[in-house]
1. Using only the Cα atoms of the range 176-278, build the gyration tensor, take square roots of its eigenvalues as a ≥ b ≥ c, and label the shape rounded, prolate or oblate: rounded if a/c is under 1.5, else prolate if a/b is larger than b/c, else oblate.
2. Classify the range 271-325 as rounded, prolate or oblate from the Cα gyration tensor: take a ≥ b ≥ c as the square roots of its eigenvalues, call it rounded if a/c is under 1.5, otherwise prolate when a/b beats b/c and oblate if not.
3. Which residue fluctuates the most in the chain, going by a Gaussian network model with Cα springs under 10 Å, if the choices are Thr224, Thr19, Thr181?
4. Calculate how steeply helix 206-220 sits against the longest principal axis of the alpha-carbon atoms of the chain, using the helix alpha-carbon long axis, and give the answer as 0 to 90 degrees to the nearest 10.
5. Quick check: with the 1.4 Å probe, what order do Ser75, Ser213, Ser46 take by accessible area, largest first?
6. Rank these residues by their accessible area, most exposed first, probe 1.4 Å: Phe54, Phe241.
7. Quick one: accessible surface of Leu147, probe radius 1.4 Å, all protein chains present, in square angstrom to the nearest 10.
8. May I ask for the angle, rounded to the nearest 10°, between helix 312-325 and the longest principal axis of the chain, with both axes built from Cα atoms and the value confined to 0 to 90°?
Amino acid sequence: MSKLDLAQQFAQALMLEQTQFIKQQLSSEHHNIYIEKFIHYLYIHSDQILLKQFIELDALQDVVQKYAFELNLGSDILEFIGVIAQKIHALTTQSDANFNTLLSDESFELWLAKILELEQLRYYIQTHLLHSPQVQHVSLQLANQILESNTPWLDHLRKLNTHKSNLSSKVLNFIQDQQQTIELKLEQQLAHTLLKQLGHIIALPNEELTDISLYLWDDIKQKTLKETFSQFQAIDFEEFFILVYETWRQLRQGEYLQHIILDVVASFYHHFAEYNLQELLLSVGLDEQDLHQEALRFLPHNIAALEQQGLLDGIIKELISPFFLSDSTHQFIQQFIEKNHSI
């Protein structure tokens with residue numbers, strides 16, 4: 001056997017031995033010391049690597065570009081969303097919990113106080129309501145519906161048609177014309193009153209708006225989820241979630257929204273660029289013990305599953321075999337054997 005063949009066989013044996021050694025370390029039942037040491041090594045040295053050294057801004061924005069702007073959910077995921085929507089509907093329509101269990105009085109009052117602080121926004125909405133042609137058109141339609149629903153006795157007269165030219169027909173036509181004129185004026189006046197009152201409510205002092213909102217909340221918070229969501233069908237929930245996704249797909253294609261998202265990413269990067277990785281972990285409330293817990297929560301089970309399927313050896317070999325199968329490694333071993341054999 002040539003020395004080169006001997007070196008190749010020796011490298012092959014070393015590879016098999018190292019594969020078994022790594023597998024035993026990964027599969028250790030003694031708290032997976034191998035994994036813990038690996039996590040510990042990474043953590044204690046993470047204070048030596050700054051964020052700007054670990055990742056580049058362009059690479060980070062490329063990730064956002066791909067997953068936020070370009071990635072589309074497949075049909076299986078969309079189907080799953082539908083299943084989950086129906087599940088949520090089923091759970092809510094069977095729940096006796098009330099809204100107060102989801103939102104406490106304290107939280108509601110905090111949100112209410114913050115919203116009422118936005119006085120400039122309220123005044124802008126008030127002005128927009130009073131002067132927007134679109135809003136005025138909607139209020140006129142609403143006034144028409146209110147008037148028609150509350151004057152059913154005039155419905156027959158509204159729809160009555162006559163083609164005769166006698167005196168009674170002329171009188172009826174005159175009455176209908178006057179009725180339409182009067183109703184139009186009433187609709188216009190009612191629409192104006194609705195907008196005026198709505199604008200008045202929006203511009204009420206904070207104290208009065210707080211009292212009104214708390215009064216409404218006292219009634220709403222006692223209602224159960226079952227009582228509220230039983231008014232909806234499961235398909236309504238499913239369509240709502242799909243609609244949210246489709247709306248997001250459209251919005252994310254807009255240049256303005258993409259600019260905002262990428263600008264936020266850049267701001268985050270520049271703000272934390274001088275932070276080391278350990279500081280970043282601590283800033284989100286994670287320490288070494290948390291990393292150990294999360295690693296040991298999943299890795300042992302995953303490794304065991306790979307071993308049961310006979311895949312673990314192959315994965316380890318794929319990682320280490322390039323070194324042991326390379327010609328430079330064989331030459332090194334051959335030279336080492338020759339050197340030590342001549343001694």
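The values are calculated or read from the model by the stated rules, or taken from the named source; none is laboratory data. Predicted model, so just to flag it, every value in this text is computed and none were measured. Here Cβ is always computed from backbone atoms with ideal geometry, including for glycine, and neighbour counts include all displayed protein chains. Side chains are part of the model used for accessible areas, which takes the heavy atoms of the whole protein and leaves out ligands, DNA and RNA. Shrake-Rupley method; radii C 1.70, N 1.55, O 1.52, S 1.80 Å.
1. Details: a/c = 1.93, a/b = 1.85, b/c = 1.04.
Taking the square roots of the gyration eigenvalues as a ≥ b ≥ c, the range 176-278 is prolate.
2. Values: a/c = 4.83, a/b = 1.79, b/c = 2.70.
Because a/c hits 1.5 or more and a/b fails to exceed b/c, the range 271-325 counts as oblate.
3. Thr181
4. Between helix and principal axis, roughly 80 degrees.
5. On the way: Ser75 90, Ser213 30, Ser46 10 Å².
Highest to lowest solvent-accessible surface, that is Ser75, Ser213, Ser46.
6. Working: Phe54 135, Phe241 75 Å².
Output order, biggest surface exposure first: Phe54, Phe241.
7. 30
8. Between the helix axis and the principal axis of the chain, the angle is about 50 degrees.
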